[in-house]
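Here the structure comes first, spelled out in structure tokens, and everything after it is commentary.
The values are calculated or read from the model by the stated rules, or taken from the named source; none is laboratory data. These numbers were taken from a predicted model, which means no experiment stands behind them. All Cβ positions, even for glycine, are placed from backbone atoms using ideal geometry, and neighbour counts span all protein chains on display.
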Amino acid sequence: ICIEKGILRDVLVKHKAEVISMVLTSFNQKAYEKDLYEEGVEEGLDLGRMQMAQEIALRLFQSGNSLEQIAQLTGIDVEIVKQWIEKRDSSGCTGEA
């Protein structure tokens, strides 16, 4: 558009490939940064969901629910629930105030 209107025509024609490369790089950089941001947000949300599931699982266990019941209620694999319980027990943290 600038070339058609005569704006910086000589410079743009002389360095056309470089200008196109810069514009594409700038566009791609913005798209890349947006994708990175969105991935980071999604990872953060996933981590938060997993932490909440772990807290709920530990509370259910303290309330007397079996590992199988907890797995069924939370939708988390029973082996993962078992690891959470073992980790809590080995840390000496009972979750009681």
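Can you go through D89, D46 and tell me which one is on the phi < 0 side of the Ramachandran plot and either at pLDDT 90 or above or surrounded by fewer than 10 Cβ atoms within 10 Å (Cβ to Cβ) (or both)? Unique residue meeting the criteria: D46.
Of the numbered criteria (1) at pLDDT below 95; (2) outside any helix (DSSP H, G or I), the one N65 fails is (1). Take L24 and decide whether it is under 17 Å from the mean Cα position of the chain (by Cα), without any contact (Cβ under 8 Å) to a residue 12 or more places away in the chain and outside any loop (DSSP other than H, G, I, E, B). No: the conditions fail for L24.
Looking at R9, is it more than 24 Å from the chain's Cα centre (by Cα), surrounded by 10 or more Cβ atoms within 10 Å (Cβ to Cβ) and modelled with pLDDT under 95? Answer is yes for this residue. Please determine, by comparing only the residues of the range 49-64 that are surrounded by 10 or more Cβ atoms within 10 Å (Cβ to Cβ) and small (G, A, S), which one is nearest to V78 (Cα to Cα). Across the range 49-64, the extreme among qualifying residues is A57.
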